[in-house]
Amino acid sequence: MAVRGIRGATTTEEDSETAIVDATTELLGQLARENALSAGDIAAVWFTTTPDLTAEFPAAAARRFGWGDVPLLCGHEMAVPASNPRSLPRCIRVLLLVNTDRPPSAMRFVYLRGAEKLRVTA
């Protein structure tokens, strides 16, 4: 069995506990559905937020989502200037590391609430 990475991102309207938890929960739910994941499949999760999000850890949403035994880590993204086309305010990014026999091409990434622009290459 291999460990595969699955990426995702979303944004929030404001820096509040509710906004961060709601956006993260929505993102995790869609990632889990699109990749047919259960908590037992997940080796670890790494969350990052832009520096303008400080009201709550995205990992709090993962715990509420039922991922109580999954190793979780939160950090801040680099403070890239807003003029960069891939800079996005109030953004939550996630990297799921999952144990699976499926090939990398079967992993489904999820980008919500305007975070789709992060997938554009320039």
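Any read-out appearing in this document is the output of simple, stated calculations on the displayed coordinates, not a laboratory observation. What you are looking at is a predicted structure, and each value in this text was computed from that prediction instead of being measured. Here Cβ is always computed from backbone atoms with ideal geometry, including for glycine, and neighbour counts include all displayed protein chains.
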Original post:
Which of ASN84, ASN99, ASN35 moves the most in a Gaussian network model of the chain with Cα springs under 10 Å?
Top reply: ASN84
Original post:
Based on DSSP, what percent of beta bridges with both residues in the chain are antiparallel, to the nearest 5?
Top reply: 70 percent
Original post:
Summing Lys, Arg as +1 and Asp, Glu as -1, what charge do residues with Cβ under 11 Å from the Cβ of LEU95 carry, LEU95 excluded?
Top reply: +3
Original post:
Could you give the length gained on full extension between LYS117 and ARG102, defined as 0.36 nm per residue of separation minus the Cα-Cα distance, in nm?
Top reply: 2.7 nm
Subject >> Cα-projected label distance for ASN84 with ALA2, points at 7 Å along beta-carbon direction, nm >> reply: 2.9 nm
**OP:** Between ALA106, ALA44, ALA60, find the one with the highest GNM mean-square fluctuation for the chain; connect C-alpha pairs within less than 10 Å.
**Re:** ALA106
Subject >> Gain upon complete extension [GLN30, GLU17; 0.36 nm per residue less C-alpha separation] >> reply: 2.7 nm
**OP:** For segment 1-80, give the magnitude of the charge dipole about the Cα centre (Cβ charges: +1 Lys/Arg, -1 Asp/Glu; no others), in debye to the nearest 20.
**Re:** 460 debye
